[in-house]
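Any read-out appearing in this document is the output of simple, stated calculations on the displayed coordinates, not a laboratory observation. This one's a predicted model, so the numbers in the text were calculated from it and none came from an experiment. So basically every Cβ, Gly included, is an ideal-geometry build from the backbone, and we count neighbours across all protein chains shown.
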Amino acid sequence: MLARTGHPFDGQRLRVVPGASPRRDGRIHVLLPDGNAALLPLAWFGETASSAAGGGAEQHFSADGLRRLLRLVDRLRGMTG
């Protein structure tokens, strides 16, 4: 689903052009509701689009984010124990 605030097709599901795969610049060819094809940034479609298009493993947290999460969990454990 396109998740680009202000884009005319924001919130709509767009089909990937048959046989298309993500380009090195991070864009992909999609079919717009009006029947035209467009080359749009894959990032506009959220993480599930990247995985569905063969973009590899999903990354939910950066390494720094994981470290901060671990520190938070350690602090919370200290409060209960």
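Laid out as a table, the results:
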| read-out | value |
| --- | --- |
| Share of alpha-carbon pairs per 5 Å distance bin for segment 1-47, given as whole % | 5, 23, 35, 27, 9, 1 |
| Relative exposure of L42, L70, judged by other C-beta atoms within 10 Å (fewest first) | L70, L42 |
| Interchain or long-range residues, amide H under 5 Å from L32's placed H | A37, A38 |
| Separation of the T80 and T5 label points, Cα + 7 Å toward Cβ, nm | 3.5 nm |
| By average C-beta atoms within 10 angstrom, highest first, the peptides 3-10, 23-30 | 23-30, 3-10 |
